[in-house]
Amino acid sequence: MRHYLAPMEGITGCIFRNVYHSCFPPMDKYFTPFLSPNQNGKLSLKEYRDVEPGHNENMRVVPQILTNSAPDFIRTAKVLGDMGYDEVNLNLGCPSGTVVSKGRGAGFLAFPRQLDQCLYEIFSGLDMKISVKTRLGKEDPEEFEELLDIYNRYHMEELIIHPRVRKDMYRNMPRLDMFAKALERSLNPVCYNGDIFRKEDEERIRERFPGLGAVMLGRGIIAYPGLLEEHDEKLSSERLREFHDRLYQANRQAYLAEAGQKVVLFKMKEIWCYLEWAFEDSRREAKRVKKAQTLGDYEAAVSAVFSTCRLIPGGGYRGTP
């Protein structure tokens, strides 16, 4: 089974990817948080830093592009191709209201004719690997019948399916019956994405879909970075602390001098929205982490979490406490 790191805005950038890659079993692919192309195909400084090849060495990184414009996608993909990337991913899954209101991400799924035309232009205009990350539809999972017919017209590197509709956001259970139909009917290789928070979750997916070749992990791997450890090896508190400290120091080095401690704190607090689930009875101490206003306060609060809260074997993200 191949494992991919999901693109999570503000979290799984090149700093997280590098630190994770050096501390835990590596992912087969790392998908970047989405790039939003402008009409001249240029990347913002922030986006360029994230995909710059020197910041992504020794990893299989796939840039993700968020747009409903084929020309913008093609221009951005060619820029990435010139940087050495041979695969790009189209985001048709983001459920954010600001994204959907512009007809992008999962919002584009409500316009199948325009989507088909966009894919036709993209696949006709590019000579590189193209994968698509999608939801089942915008409002109703039955929308996926037509969407899959569209996807089957194109030779994709991979079709990554998060079996929820946009209005589900990340609530409700993944619709595995619909995923089963998609896996059976898809003419493209399929990857599963959604609610893999413990090893048992992946095992259930493997058992139900024995022909599946890949899974994508997001919230589960942020909450418990040792999720892919082999032979049931449990993540120790010491190893998790080492991972945290390396991530913290990397963010300090990247942002402290240029942007100040507030940016460093913001980056690390986002991680703790998930990482706190690795610990038992961590709410009070994790709250101190999130309320820290200085790096000194943050460091003290983190030390309190690691010294007073027991690490839960196997982790298991369960949502915002």
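Numbers at a glance
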read-out	value
Between region 152-195 and region 85-112, the alpha-carbon center distance in angstrom	14
Acute angle (nearest 10 degrees) that the helix 176-185 long axis makes with the longest principal axis of the chain, alpha-carbon atoms	40
Centre separation in Å (Cα based) which lies between region 9-75 and region 250-265	20
Carbon + sulfur, % of accessible area of region 1-159 - ligands and nucleic acids excluded, 1.4 Å	48
Structure-based [θ]222 nm, the chain - -39500 (n - 2.57) summed over DSSP H runs of at least 4, per residue, nearest 500	-13500 deg cm²/dmol
Length gained when the stretch S36-Y170 is fully extended (0.36 nm per residue, less Cα-Cα span)	46.0 nm
At R0 = 22 Å, FRET efficiency that the Cβ-Cβ distance of S124 and N188 yields, to 0.05	0.85
Surface per residue (accessible, 1.4 Å probe) for the chain, Å²	46
Selected from P163, P63, P25 as most flexible by GNM, with the chain as the system and alpha-carbon contacts under 10 Å	P25
Dipole magnitude of region 271-321, debye to nearest 20 (Cβ charges: Lys/Arg +1, Asp/Glu -1, about Cα centre)	180
Label point at V263 placed 7 Å out along Cα→Cβ; residues across region 32-64 whose backbone nitrogen lies under 14 Å	45-50
Total charge dipole magnitude, region 178-319, about the Cα centre, Cβ charges on Lys, Arg, Asp, Glu only, Debye to nearest 20	580
Considering only the chain, percent of DSSP beta bridges that pair antiparallel, nearest 5	5
FRET efficiency estimate (nearest 0.05) - Cβ-Cβ, E200 to R241, R0 35 angstrom	0.90
Net charge dipole size for the chain [Lys, Arg +1 and Asp, Glu -1 on Cβ; Debye, nearest 20]	980
Prolate/oblate/rounded call for region 138-222, Cα gyration tensor, a/c under 1.5 rounded	oblate
For the chain, built as a Gaussian network whose Cα springs stay under 10 Å, the top-fluctuating residue of D72, D82, D28	D82
Fluctuation leader among I130, I161, I205 - the chain, Gaussian network, Cα springs under 10 angstrom	I205
Set of lysines with alpha-carbon distance to K138 below 16 Å, sequence-local pairs under 8 removed	K102, K167
Residues whose placed amide H lies under 5 Å from that of G137, excluding near-sequence neighbours	R166
Across K78/K269; K78/K181; K42/K129, pairs whose alpha-carbon gap is larger than 32 Å	K78/K269; K78/K181
Percent RCO, i.e. relative contact order, over region 139-258, from Cα pairs under 8 Å lying at least 6 residues apart	20
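The values are calculated or read from the model by the stated rules, or taken from the named source; none is laboratory data. Everything numeric in this text was worked out from a predicted model, so none of it was measured. Every residue, glycine among them, receives a Cβ derived from its backbone with ideal geometry; neighbour counts consider all protein chains shown. These area figures cover heavy atoms from the full protein model, side chains too; ligands, DNA and RNA do not enter into them. Shrake-Rupley method; radii C 1.70, N 1.55, O 1.52, S 1.80 Å.
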